[in-house]
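The values are calculated or read from the model by the stated rules, or taken from the named source; none is laboratory data. All of these numbers come straight from a predicted model, not from anything done at the bench. Don't worry about glycine lacking a Cβ; one is built from the backbone with ideal geometry, like all the others, and counts go over all protein chains shown. Please note that ligands, DNA and RNA were not included when accessible areas were found on the heavy atoms of the full protein model with its side chains. Shrake-Rupley method; radii C 1.70, N 1.55, O 1.52, S 1.80 Å.
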Amino acid sequence: MAQPLRTTEPGSGTADLRALGTMVGSAKVVGVGEATHGSHEFFALKDRVFRYLVEQKGFTTFALEISWSAGLQIDDYLQNRDDTRDARQVVHEVMADSPWDRSEFAVLIQWMRDHNRQHPDRPVHFLGDDIGAPRLDQRVLDTVTSYVRQNRPETTERLNELLTAVRPLDDAIAYLGRPLIERQENAARARQVLDLMQEQKGRGGADFEFALQNARNIAQTYTFLTIDPRDQESLTAMERYRDQVMAETTTWWHRRTGGKTVVSAHNDHVGYAASDPKTYPKTQGSFLRDALGTGYLAVGTTFDHGSFLSKDQSLGGEWKRFAVGPAETGTNEYTLDRVRYRDYYADLRKIPASARTWFATPRPTYSIGTQYPTNQILLNALGTSYDILVHLHSVRAADKL
């Protein structure tokens, strides 16, 4: 059942990934998770898997849980041969203060750019599938106003009134400090911007669809930012909404381009159930399965011990190095690490009947996001959360730029 994984490092051959290619089959969107938001091996593994799927299975897009506008900036860099910036510079400019402001992502972006130079007939793309935080870039707003000005100038004045009332959004964390009623009013105005764009739906065309998606992101962002982080009910509702947005953006991109996509996110987003259902009641992976059926495939990751980057507070703060020792008896990782391979992957859809009960049973599992440590004991039934599982013996903290 288990297939040995020789390495997580990209650019090191693909023979050990052939079985993974068979497991992926005809899937159009593959979600690849990470048990921590800051370990080198998880980031490197995604790079290696993406390269393999591009070269062997015709995949064309790498999607990440960053803002829509940040994704546009990176994709512009990938498609523009005249841009003289270094990939490390681009990653730091676009993803500063995020979990992905790391050397591993600079390596990925550089490979994607080199690929496009060498294969202009089959370029790869970068997609940001998340809401517009920590900022809503001016480009998103300008795309909408430019389209309306050219195609429906009589509504330009009304559009400008709505956008002037809500912008700028330069710091989502600071924005959450504004009164809730003000944020709710801004969300209503942002939805009016989307309504104004949707009134032009009959016009169709690629320019319209792209402008509409930007208007949609504006409305989604301001709707999400009506969240009250101190209220669990509000937090749960908005995190569900965020996962829905990520799935809808990915599905929109897939249907618009027709290309196959690798979705990179935390395990709790790509799987079918989160280890913290109180906060994440329905995941991006679950929404994607609803939209695409078996066209979506979820790959989860686990590890026995090692280090990672996280923060010791939920909002703001600095990324710091933390470490955990070998998994304890009774955890998923304790048993997984006793398989004869150091690192491996397995198709959980085809496990022997004798193992199905074990994989269907929730157990404590490492699930480390942007805050560590927490007082929660997170449980995961791996067999119902993922189609494929990758287990690594050890990981180390990702490399800061």
**Report entry** For the chain, calculated [θ]222 nm from helices alone, where every DSSP H run of n ≥ 4 adds -39500 (n - 2.57)
**Finding:** -14000 deg cm²/dmol
Query raised in the report: Where does each of 340-346, 68-74 land if you order them by average Cβ count within 10 Å, highest first?
Result: 68-74, 340-346
Requested in this report: Quote the relative contact order of segment 77-188 in percent (integer), defining contacts as alpha-carbon pairs under 8 Å separated by 6+ residues.
Outcome: 21 percent
Query raised in the report: Ignoring ligands, DNA and RNA, what percent of the 1.4 Å accessible area of the chain is carbon and sulfur?
Result: 48 percent
Query raised in the report: Which value in nm describes the separation of the simple spin-label points at residue 198 and residue 180, placed 7 Å from the Cα toward the beta carbon?
Result: 2.5 nm
Query raised in the report: How high is the relative contact order of segment 239-395, in percent, with contacts defined as C-alpha pairs under 8 Å that are six or more residues apart?
Result: 27 percent
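For segment 282-341, run through the GluC sites (Glu not before Pro) and keep only the ones in DSSP coil with at most 12 other Cβ atoms within 10 Å of their Cβ. Walk me through the intermediate numbers first.
Values: sites: 318, 328, 333; in loops: 318, 328.
Those satisfying the criteria are 318, 328.
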Query raised in the report: For the pair residue 156 and residue 278, how long in nm is the line joining their label points, each one 7 Å along Cα→Cβ?
Result: 5.3 nm
Query raised in the report: By the gyration tensor of its Cα atoms, with a ≥ b ≥ c the square roots of the eigenvalues, what is the shape of segment 68-213: rounded for a/c under 1.5, prolate for a/b over b/c, or oblate?
Result: oblate
**Report entry** Protein-only accessible surface order, largest first, of 149, 216 at 1.4 Å
**Finding:** 149, 216
Query raised in the report: For residue 401 and residue 121, what is the calculated FRET efficiency with R₀ set at 30 Å and r taken between the beta-carbons, to the nearest 0.05?
Result: 0.40
Query raised in the report: FRET efficiency for residue 360 and residue 394, Cβ-Cβ distance as r, R0 = 35 Å, nearest 0.05?
Result: 0.85
Query - Relative packing of peptides 280-286, 17-23, 160-166 - highest average C-beta neighbours within 10 Å first - result: 280-286, 17-23, 160-166
Report summary line: Relative contact order as a percentage, the chain, C-alpha pairs under 8 Å and 6+ apart, gives 25 percent
